[in-house]
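See below for the structure under consideration.
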Amino acid sequence: MIVNSDKCREIDHYAIKVLEIPSILLMENAALKVLKHIDTVRFSKIAICCGPGNNGADGLAIARHLVNLEVDLRVYIIGDINEDNKDFMTYYKILNNLKVDIRTIETIEDIENFEDDISKYELIVDAIFGTGLERPVKGVFEYIIDMINHSKRKIISVDVPSGLNTQNGTRIGSVIDPDICVTFQYRKPGMKEENFSNIIVEPISLPREAIKKILG
Ligand SMILES: NC(=O)C1=CN([C@@H]2O[C@H](COP(=O)(O)OP(=O)(O)OC[C@H]3O[C@@H](n4cnc5c(N)ncnc54)[C@H](O)[C@@H]3O)[C@@H](O)[C@H]2O)[C@H](O)CC1
Ligand SMILES: [K+]
């Protein structure tokens, strides 16, 4: 089953607003399903790159779990922190309270050392954009995605390879080229079985009732 961004949003909205499933519960499920595919013995130096939305919040949720393991962890937050995103802010506060190494990247100047810095990590978690991408990435996001792709590090994408347009499956501009992508609940446009063997579909406890209601 392939579900586009609009339908993903409608299913999310129904599950959260009508069935009253807390969004942070889905995020925790999402984080645990990505962690299932991260071997922290093999990869003990991990950099998580988070965007400004819920895909980024999933990245922060993953960080919250990794903090309890023997992992050299750094979190990059790219773009302006949106204080209205309550789930994002919940995780952001927890990670600050746990004194996690968090770097914010807002301007071109901020990325001066990024390429060097990420070369010290073994695994990069791509939590920059998910199904909320609305236009081809530009500016800081474009530079970061290109640097990650050129870093020769192992890359795991959260839900969507950042930059892929999951409304219509187009790949205009820079798109993360991950070793694996753990996508939630269903494949999105641009993730057709035949050309993406590195996509792993993981349920995150979205109720069938919500999926049936929206997809029929
Ligand atoms: N049911 C589920 O599958 C769940 C999915 N979750 C995660 O939520 C994301 C979707 O989150 P959303 O906030 O809608 O958008 P993104 O995080 O993908 O995008 C961030 C934000 O960025 C802005 N934006 C869009 N395009 C651009 C651009 N080209 N340049 C700069 N900024 C851009 C826009 O404002 C977006 O809102 C989904 O992928 C999952 O990872 C939930 O966490 C759990 C349930
Ligand atoms: K992503």
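The values are calculated or read from the model by the stated rules, or taken from the named source; none is laboratory data. Source: prediction; values computed, not measured. For neighbour counting, all protein chains shown are included, and Cβ atoms are generated from backbone atoms with ideal geometry for every residue, glycine included. Accessible surface is based on the protein model in full, side chains and every heavy atom, while ligands, DNA and RNA are left aside. Shrake-Rupley method; radii C 1.70, N 1.55, O 1.52, S 1.80 Å.
Condition (residue is within 16 Å of ligand 2 (Cβ to nearest atom) and in contact with a His (Cβ under 6 Å, 6 or more places away or on another chain)) applied to the stretch 182-205: is it met by at least one residue? The answer is yes; a qualifying residue exists. The set of residues from the stretch 62-95 being part of a helix (DSSP H, G or I) and not hydrophobic (A, V, I, L, M, F, W, C) comprises Arg64, His65, Lys86, Asp87, Thr90, Tyr91, Tyr92, Lys93.
When we screen Gly163, Gly169 for residues that are farther than 19 Å from Arg103 by Cα and in contact with a Phe, Trp or Tyr (Cβ under 8 Å, 6 or more places away or on another chain), the only hit is Gly163.
Could you list all residues from the stretch 93-117 that are within 20 Å of Leu69 (Cβ to Cβ) and not basic (Lys, Arg)? Listed by number, the residues that qualify are Ile94, Leu95, Asn96, Asn97, Leu98, Val100, Asp101, Ile102.
Restricted to the stretch 96-128, and to residues there that are assigned to a loop (DSSP other than H, G, I, E, B), open to solvent by less than 30 Å² (accessible area, probe 1.4 Å) and farther than 28 Å from Glu10 by Cα, the residue that is nearest to ligand 2 (Cβ to nearest atom) is Tyr121. Pairing residues of the stretch 27-47 that are more than 16 Å from ligand 1 (Cβ to nearest atom) with residues that are open to solvent by 20 Å² or more (accessible area, probe 1.4 Å) and among the hydroxyl-bearing types (Ser, Thr, Tyr), at Cβ distances under 9 Å and at least 6 apart in sequence or on separate chains, gives Ile46/Thr40. Just a yes or no: is a residue in the stretch 143-161 outside any strand (DSSP E or B), within 10 Å of ligand 1 (Cβ to nearest atom), among the polar types (S, T, N, Q) and at pLDDT 95 or above? The answer is no; no qualifying residue exists.
Determine whether Ser151 is more than 14 Å from ligand 2 (Cβ to nearest atom), of a type in the set (Gly, Ala, Ser) and open to solvent by 10 Å² or more (accessible area, probe 1.4 Å). So Ser151 passes the test. Residues of the stretch 28-69 that are hydrophobic (A, V, I, L, M, F, W, C), more than 17 Å from Leu98 (Cβ to Cβ) and either open to solvent by less than 40 Å² (accessible area, probe 1.4 Å) or within 16 Å of ligand 2 (Cβ to nearest atom) (or both): Ala30, Val34, Ile38, Phe43, Cys49. Put simply, of Thr131, Thr170, Thr166 the only residue that is part of a loop (DSSP other than H, G, I, E, B) and open to solvent by 40 Å² or more (accessible area, probe 1.4 Å) is Thr170.
Collect the residues in the stretch 173-216 that are over 22 Å from Asp39 (Cα atoms), open to solvent by 20 Å² or more (accessible area, probe 1.4 Å) and not in a loop (DSSP other than H, G, I, E, B), keeping them in residue-number order. If the condition is that a residue be over 22 Å from Asp39 (Cα atoms), open to solvent by 20 Å² or more (accessible area, probe 1.4 Å) and not in a loop (DSSP other than H, G, I, E, B), then Arg187, Glu193, Glu194, Asn195, Arg208, Glu209, Ile211, Lys212, Lys213, Ile214, Leu215 are the ones that fit.
Look at His13 and say whether it is at pLDDT 95 or above and in a helix (DSSP H, G or I). Outline the logic, then answer.
Working: at pLDDT 95 or above: yes; in a helix (DSSP H, G or I): yes.
Criteria met by His13.
In the set (1) in contact with an Asp or Glu (Cβ under 8 Å, 6 or more places away or on another chain); (2) modelled with pLDDT under 95, the condition left unmet by Thr131 is number (2).
With Asp72, Asp80, Asp87 as the choices, which residue is open to solvent by 70 Å² or more (accessible area, probe 1.4 Å) and under 18 Å from the mean Cα position of the chain (by Cα)?
Working: Asp72 fails: under 18 Å from the mean Cα position of the chain (by Cα); Asp87 fails: open to solvent by 70 Å² or more (accessible area, probe 1.4 Å).
Just one listed residue meets the conditions, Asp80.
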